[in-house]
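Remarks on the structure that follows.
Any read-out appearing in this document is the output of simple, stated calculations on the displayed coordinates, not a laboratory observation. Small disclaimer: the values here were computed from a predicted structure and weren't measured. Please note: Cβ atoms are built from the backbone with ideal geometry, for glycine as well, and neighbour counts cover all protein chains shown.
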Amino acid sequence: MSNPYLPDIATIQRVKPETYDTTSFTLKFDDPGVWERFRFRPGQFVEISVFGAGEAPFCISSSAHGREDFDITVRRLGRVTQALHAMGEGAQVGVRGPLGNSFPLDEVAGKHVLFVGGGLGLAPLRPQILEVYRQRDKFQSITVLYGARTPDDLIYRDELEQWQNLEGMRCLLTVDVGGDGWTGNVGVVGSLLSEVKFDVGQAVVFVCGPPIMIRFVVRDLVAMGFGEDDIISTLERHMRCGIGKCNHCIHGDKYICLDGPVFTYRQMKAMMELEP
């Protein structure tokens, strides 16, 4: 039986700065055989070991299709993330995963698909956005609403520009505070919900961002008529071990790392009611 705490070794193939404090890292396993069993789905996460600094969970932020490597997008905050940001191409890290459940895909076929992301919350949504667009003919429409604090805080800016020009996808951006040269919408990401024109009774929405943003966006979505099972988000805070052993991510009667990190709003409400 393999040791669930023992990471596989991966090498950093690419380091791409996204903002002043956020960077995307492309990782590839040193052993090609590892990739054959590392088949992840949108919404899953990995535990990354920076040797000498520690281990931390990160969502997988790249497509699961047609690649032999994967991305994580990391904001520089604590000891592990600071150590990771100091590493360059060719450096090695440890990887455990993929872990957790995933966003539904086949289950939401035939619906309008709405994505609402705030700040770094676009990272876990990105694999699902790419996969839904790859299977575009299975869905009625695709809409992406994304907001950040300032224009300089927008991640994946090259890709956002591409999404705004893709046939079959609607991508709208906003910032809390505009600046010189910004001609787009100014306001919180929830202010873009007024642009939603499809029948919400035939739609599913994926939401990810800071907790306060999720709270207000979900409130607005419910008021618009979205069903509690059709509002889907991620709860990634406080995870440590990733396999339900350390008990740091128990929320209500659920382990975020095992039962999640993807939950419907109905599930999240039930978990809140069970909190002491």
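For L160 and V34, what does the FRET efficiency come to when R0 = 35 Å and r is the distance between their Cβ atoms, rounded to the nearest 0.05? For R0 = 35 Å, the calculated efficiency reads 0.65. Approximating the spin labels as points 7 Å out from Cα along Cα→Cβ, the R266-to-E89 distance works out to 4.8 nm. Candidates G252, L145, G88 compared by Cα position along the dipole of the chain: farthest toward the positive end lies G252, with charges placed on Cβ. When you restrict to C-alpha pairs under 8 Å that are six or more residues apart and normalise by the size of the range 173-276, the relative contact order lands at 20 percent. What lysines sit close enough to K254 to cross-link, taking a C-alpha to C-alpha distance under 18 Å and skipping anything fewer than 8 places away on the same chain? Once the sequence-local lysines are set aside, what remains near K254 is K245, K269.
Mind ordering 141-147, 129-135 by average Cβ neighbours within 10 Å, highest first? If you can, show how the numbers build up before the last one.
Numbers: 141-147: 23.0, 129-135: 17.6.
For the peptides 141-147, 129-135, the packing ranking is 141-147, 129-135.
Over all pairs of different C-alpha atoms, the range 8-99 has a mean inverse distance whose reciprocal, the Kirkwood radius, equals 13.1 Å. Applying a 4.7 Å Cβ-Cβ cutoff to the chain leaves C59, C171, C208, C249, C257 as cysteine residues with no disulfide-compatible partner.
Magnitude of the Cβ-charge dipole of the chain, K/R +1 and D/E -1, about the Cα centre, nearest 20 debye? All intermediate terms of the calculation are to be shown ahead of the outcome.
Working: 28 positive and 35 negative charges, 63 e Å.
Dipole about the Cα centre, nearest 20: 300 debye.
Need one number: % antiparallel among DSSP beta bridges in the chain, to the nearest 5. Walk me through the intermediate numbers first.
Working: 33 of 57 bridges.
Expressed as a percentage, antiparallel bridges in the chain total about 60.
For K16, the shell of other residues with beta-carbons less than 10 Å away shows a net charge of -2, using +1 for Lys and Arg and -1 for Asp and Glu.
Sorting 186-196, 110-120, 96-106 by average packing, meaning the other beta carbons within 10 Å per residue, from highest down gives 110-120, 96-106, 186-196. What does the net charge come to around A148 if you take all other residues with beta carbon closer than 11 Å to its beta carbon, with K and R at +1 and D and E at -1? That works out to -2.
Which distance in Å, rounded to a whole number, links the C-alpha centroids of the range 78-140 and the range 207-276? Cα centroid to Cα centroid, the span is 16 Å. Excluding same-chain neighbours fewer than eight residues apart, the lysines reachable from K138 by a Cα-Cα span under 25 Å are K111, K197.
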